[in-house]
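Worksheet for the structure shown next.
The values are calculated or read from the model by the stated rules, or taken from the named source; none is laboratory data. If you're wondering where the values come from, they're calculated on a predicted model, not measured in any experiment. Positions of Cβ are generated from backbone atoms using ideal geometry, with glycine treated the same way; all protein chains shown enter the neighbour counts. For accessibility, only protein heavy atoms count, side chains too; no ligands or nucleic acids. Shrake-Rupley method; radii C 1.70, N 1.55, O 1.52, S 1.80 Å.
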Amino acid sequence: MKFLSLAKKQKVFDEKLKTSFFYKGKHSINWYVLVPTIALVVLGIIMVYSASSYTAEQNYGNSMFFVQKQIIGAVLGLGVCAFCYFMNYNILIKLRYYALAVGIIFLCIVFIPGIGIESYGAKRWIGFGFFSFQASEIAKFCFIIFCAGYMAKNKDRLGTFKGALPVLCAGLVMCFLIMCEPNMSITLCVGALMLVMLLVGGIKIRHLFYLLIPIVIAIPILILIEPYRIDRILAFLDPWASPQGEGFQLIQSLYSLGSGGFFGVGLFNSRAKYSFLPFSESDFIFSIIGEELGLVGAVCVLVLFGILIIAGLNIAKKARTRFGCYLATGISAIIAIQVILNVMVVTGLVPPTGLPLPFVSAGSTSLVVFLASVGVLLNIHRQNTQNLSYMLFSPLKAN
Amino acid sequence: MLKNKYSSFSLQKRLLAIMIAVIFLFIVIFIKLFVVQILQGQTLQMRAISQWTRDLTMSGLRGNITDSTGEVLATSYTSYNVYVRASNVTDAEDVALNLSEILGVDYQTVLKKAKDRTSSEHLIKQQVSYDDARLILTKNLSGVYLTETSTRYYPFENLLSNVLGFCTVDNVGQAGLEAFYDSYLQGINGSTYTESDITGLEISSSTTSYTVGISGCTIELTIDVNIQQILQTIVDTAYLEQEAQGVHAIIMDATNGDILAMASSPSFDLNNPPRDDVESLMQSSKNSMITDIYEPGSTFKLFTLAAALEEGVTSLDEKFYDQGFRIVDGQKIKCWKTNGHGSQTLVEGVCNSCNSVFMDLGLRLGVDTLYSYLEKFGIGSKTGVDFAGESSGIMMDVDSVKNVDLARISFGQAIAVTPLQMLASVCGVLTGTLYQPRFVKSITSANGVTKEFSSVAKGQTVSSKTSEQILYMMEQVVSKSDGLYSFVPGYRIGGKTGTAQKYENGVVATGKYVSSFVGCYPVDDPKYVLLFCVDEPSAGQYYGSLVAAPYAKQIFSGLFDYLGIEPTNLDEDLEKLMETIEMPNLVGYSLTEAASIIKSMKLQYEIDGEGGYVVWQSVAPGEMLYENEIVLLKL
């Protein structure tokens, strides 16, 4: 009798879960996610201040130019994060096709003159008056929602090539659009994200290898299309060959990191930030961290990211629904991919490519979206930990 | 637990694989970070610092050059280079106006530079004086920068221009002693290191560090600026009066090889060398008394004489007969006096500078003996003076010297020496010891450590007896013959004149001579030895006794004045000068008649042209002449 009533309760609960906008369950916060996130955001604000105050003063006459934006982004982002924590992530599954459409539309809008903003030879931003954001920052999360939703709904079809095709198509379209901006690094991120999603979605390992073959072929072709990429790669192999040209940025980054040593030159004491290291407040902020806080500081930052990513993947592991599992994996994966790629660029492990460090690099779009995704992660965790007895009987619950 | 039936891996395993991949990549990153930050950290930091700091040179001033009395001949003072950094210029017109006014540079040029942002800095003017630099600073022009540099200054301007040499605008020795002793004179530059941003802009929190520049060493020369000034004045006078190509003179201390003075005319202002004209700059850069050679002529006879006396092939009172020439191996070699000096002792032969006597001596010695003496005297090899570009002179190869050549070499033809070499060798013969000539006495570093250089004796030349005999004859030359042109009453000077034809491209250049005089004082123990050369005198006369000796007299007078040497036996000497002879009229007389009149009046004569009768005489009738003074007669 008790069983029946529990089953009833569960059914009622499930129905509510599908439809209610806010999740009404108990509060439970995954501190392994929240604490590193907050720490990284705070560190980000401090480091953005340190890295940008000089150049901001020089270029905008306001040393707080980037920090102000970053603080606004952090406040807004934490708001959105809280909102995502309180809402019910399950409703996102219904929005999967909308999400895909929004992502692709955003990526197309970039090319519309007047709305798309061109800078440094690339069309990456969408601008509405005072407000502008990077389309791909939003598009990649749209892609996660779509993939997670589609794979959860079609959980049995991923084993076939046909079943995996929609994910593949969505991913490739996005990759193509981002590449047209052009933005090689985000393209790589979305590509890698797609592979992770397919892997976790249950694609056959054999199929995964088939997928890797065209990618391996595509890389040299992509390089040949844009000759500047060859220079970038050569510069990566031997940055000292062209210290004033292509190798410049990497050399400056290495100078900065190398000067840090074990304990760094001290907070705010970076020298590379005096306009030597381009994008020191955004794509290359990790160099400034390494310089000011040393190897110790740099490793701490990476450990924070590591805790966050592992915690995210753990949430995925314990997810009560497939959608939640896929969503948490996607969010953890995009954080991991961007962190790894960014730090590899900064340390000269891969050719230089512009990619922000999540939570830390200056850029409010990125900050808001990542914080929102952390909110979703926390939301999934919160739902995982509901001490409902039905879980004992029926842990395999799709949707 | 979620499961996927199509997969060989469970979802859990797939998530685990992702985790492991993430951890693996993180470890790779940790390793790379360790390599960059710790293993390569030092190297990267070194490179980084050199990029992150802007270093401004604080020039260590170039060392001074002083004479032996401590008088500064060359010094350096701090000056400033003015730059414009276009990116920091707010008002280009104002900058251009002020700078062109203060520095006297072209307004348009400055304006262009002040607006040109293609290069970070533009040099406006180098070596700007302190006062001008201050003036610029008070104008407070944005975008205008000053850097410290130094300017070389030569207080005596033209004096020693061929000896001291000069520097480039960057203060690197370019010629003369400045070049030879450049490594000692160079200061070690210090720097200020200022932390700056990529454009070179100083950052506000910057700490500036310094390394102090060290001044170069002070070099003390053997030159005495007082003697130098005496010499230069007279050299310049001779240059003008003789309308010469050049006049060169050196005074050397025979007891140690110190060069006391070395002057040339024309000279140039060292503070303003002709930098824009490469050819004249090259000309100014060299010291022809060291780098160029000339045929010495009769002054060279001293060496033949020394060798002959030392070998004992002649004695002072041996009689020689000169009919005006010698025939050597069937070739007729003339004495300068075409009708001959007649019978004469060796001493008279030296006084007459009779070529025939020296041909005899040379032929008696033979090539090998004469050459071995010349080698001892330093002829044919570099003196080793501390100066760049020294020439060793030209000497015929010993194996190819025929008797004809030997005869010519004996009186100073068919051989070439540098003036300095000539003088050093004369000193060697007169003192018995050959010294290496030198300019530098000591070098003192900025922290007061002094290195004294001792003079270098290169070897013995002849016995003191031979030296004494030569000195005796040189005194006879000055006090008894050559019309007393170089005779300074009350002082015992020895001397020998020389006149040599110049060669151009291997051929005798008609009408071009080098007239020279070597003299020494005191004649009983020579210390001051002078060589005076007039290159291509063109004011009418060319005999060394007429063109060079009178200036030597002035130089010695000045020298005695400066040294405070009192005359001895002045009255006797003055009496000698009182014994004047009234010049008779010789125009219209036949050559033989004129010759006998002149001889009877204890005068000497020279003949110019062919013919039986005198048509012109160089000294007007009734003029007073000294004993043995030379009169030129035209036939």
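Summary of values
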{"item": "Net charge contributed by nearby residues that have their C-beta within less than 15 Å of residue B:115 (K/R +1, D/E -1)", "result": "-2"}
{"item": "Gained length - residue B:278 relative to residue B:94, 0.36 nm times residue gap less alpha-carbon distance", "result": "62.6 nm"}
{"item": "The range A:46-153: chymotrypsin sites (Phe, Trp or Tyr not before Pro) in DSSP coil with no more than 12 other Cβ atoms inside 10 Å", "result": "A:120, A:130"}
{"item": "Listing of the range A:232-276 residues, each with accessible area lower by at least 50 Å² in the full protein assembly than in the chain alone (probe 1.4 Å)", "result": "A:255, A:258, A:259, A:271, A:274, A:276"}
{"item": "Three semi-axes of the equivalent ellipsoid, the range B:579-635, Cα gyration tensor, whole Å, largest first", "result": "18, 10, 9"}
{"item": "Compactness index (Cα Rg / 2.2 N^0.38 Å), the range A:241-334", "result": "1.43"}
{"item": "Lysine-lysine proximity count for the range B:207-342, Cα under 21 Å, sequence distance 8 or more or distinct chains", "result": "6"}
{"item": "Span from the the range B:25-99 Cα centroid across to the the range A:130-148 one, whole angstrom", "result": "48 Å"}
{"item": "Translational diffusion coefficient (Stokes-Einstein; Kirkwood radius from C-alpha pairs) of the range B:522-620 at 20 °C, 1.002 mPa s, in µm²/s", "result": "126 µm²/s"}
{"item": "Inter-probe distance in nm under a simple model that places probes 7 Å from Cα toward Cβ, at residue A:237 and residue A:64", "result": "4.9 nm"}
{"item": "Sites residue B:42 and residue A:168, calculated FRET efficiency, Cβ-Cβ separation with R0 51 Å, nearest 0.05", "result": "0.55"}
{"item": "Amide H within-cut-off set for residue B:435, under 5 Å, with H built and near neighbours excluded", "result": "B:428, B:458"}
{"item": "Pair residue B:240, residue B:12: separation of 7 Å Cα→Cβ label points (nm)", "result": "11.5 nm"}
{"item": "Karplus 3J(HN,Hα) series, Hz, for the range B:73-81 with 6.51 cos²θ - 1.76 cosθ + 1.60 (x for Gly, Pro)", "result": "9, 8, 8, 10, 10, 5, 9, 9, 9"}
{"item": "For the range B:54-221, the spread of Cα positions along each principal axis, largest first, Å", "result": "53, 36, 27"}
{"item": "Peptide-level mean, for A:336-343, of C-beta atoms on other protein chains within 10 Å", "result": "4"}
{"item": "Debye-sum result for chain B in log10 I(q)/I(0), which assumes one identical scatterer on each alpha carbon, at q = 0.08 Å⁻¹", "result": "-0.70"}
{"item": "Per residue Cα convex hull volume in Å³ - calculated over the range B:512-569", "result": "91 Å³"}
{"item": "Rounded accessible area per residue of the range B:113-268, 1.4 Å, Å²", "result": "43 Å²"}
{"item": "HN-Hα J in Hz across the range B:490-498 - Karplus 6.51, -1.76, 1.60, θ = phi - 60°, x for Gly and Pro", "result": "x, 10, 9, 10, x, x, 7, 9, x"}
{"item": "Cβ crowding within 10 Å averaged over residues, with A:170-177, B:100-107 ranked highest first", "result": "A:170-177, B:100-107"}
{"item": "Part-to-part distance (alpha-carbon centres) for the range A:347-379 and the range B:305-383, which is given in Å", "result": "104 Å"}
{"item": "Residue list for the range B:252-278, given a label point 7 angstrom along the Cα-to-Cβ vector of residue B:460 and an amide N cut-off under 18 Å", "result": "B:255-256"}
{"item": "Nitroxide proxy distance, nm - points 7 Å out along Cα→Cβ at residue B:562 and residue B:503", "result": "3.5 nm"}
{"item": "Kirkwood Rh and Cα Rg combined as Rg over Rh, evaluated for the protein assembly as shown", "result": "1.32"}
{"item": "Segments B:242-250, A:157-165, B:402-410, B:274-282 sorted - mean Cβ within 10 Å per residue, highest first", "result": "B:242-250, B:402-410, A:157-165, B:274-282"}
{"item": "Karplus-derived 3J(HN,Hα), 6.51/-1.76/1.60, for each residue of the range B:83-90, Hz, glycine and proline x", "result": "10, 10, 10, 4, 5, 9, 7, 9"}
{"item": "Kirkwood hydrodynamic radius (C-alpha pairs) into Stokes-Einstein, the range B:342-477, 10 °C and 1.306 mPa s, D in µm²/s", "result": "95 µm²/s"}
{"item": "Global form of the range B:225-578, assessed from the alpha-carbon gyration tensor, a/c cut-off 1.5", "result": "rounded"}
{"item": "FRET efficiency, residue B:615 to residue B:447 (Cβ-Cβ, R0 60 Å, nearest 0.05)", "result": "0.20"}
{"item": "Cβ-Cβ FRET estimate between residue B:468 and residue B:569, R0 fixed at 22 Å, reported to 0.05", "result": "0.70"}
{"item": "Debye equation applied to the C-alpha atoms of the range B:457-528, log10 I(q)/I(0) at 0.11 Å⁻¹", "result": "-0.39"}
{"item": "Pairwise centroid distance, computed over Cα atoms, of the range A:190-215 with the range A:169-188, Å", "result": "16 Å"}
{"item": "Cα convex hull volume per residue for the range A:145-197 (Å³)", "result": "63 Å³"}
{"item": "Global form of the range B:2-101, assessed from the alpha-carbon gyration tensor, a/c cut-off 1.5", "result": "oblate"}
{"item": "Scattering profile of the range B:230-370 at q = 0.14, 0.18 Å⁻¹ [log10 I(q)/I(0), Debye over alpha-carbon scatterers]", "result": "-0.86, -1.05"}
{"item": "Amide H contacts under 5 Å for residue B:441, placed H, 5+ residues apart", "result": "B:220, B:221, B:222"}
{"item": "Under 19 Å from residue A:8, Cα to Cα: lysines that are on another chain or at least 8 residues apart", "result": "A:16, A:18, A:24, A:397"}
{"item": "All lysines inside 24 Å of residue A:162 as judged from Cα atoms, apart from same-chain residues fewer than 8 positions distant", "result": "A:94, A:140, A:153, A:204, B:3, B:5, B:13"}
{"item": "Averaged over A:199-209, number of beta-carbon atoms from partner chains that fall within 10 Å", "result": "4"}
{"item": "Helix-only [θ]222 nm of chain B, DSSP H runs n ≥ 4, -39500 (n - 2.57) each, per residue, nearest 500", "result": "-10500 deg cm²/dmol"}
{"item": "Taking all pairs of distinct alpha-carbon atoms in the range A:29-385, Kirkwood radius in angstrom", "result": "20.8 Å"}
{"item": "Cut-off under 5 Å, modelled amide H: who pairs with residue A:124 long-range", "result": "A:117, A:119"}
{"item": "Largest to smallest principal axis extent of the C-alpha atoms in the range B:401-457, angstrom", "result": "60, 20, 15"}
{"item": "Protection proxy ranking of A:193-205, B:260-272 - average other beta-carbon atoms within 10 Å, highest first", "result": "A:193-205, B:260-272"}
{"item": "GluC sites (Glu not before Pro) within the range B:195-233, DSSP loop, no more than 10 other Cβ atoms inside 10 Å", "result": "none"}
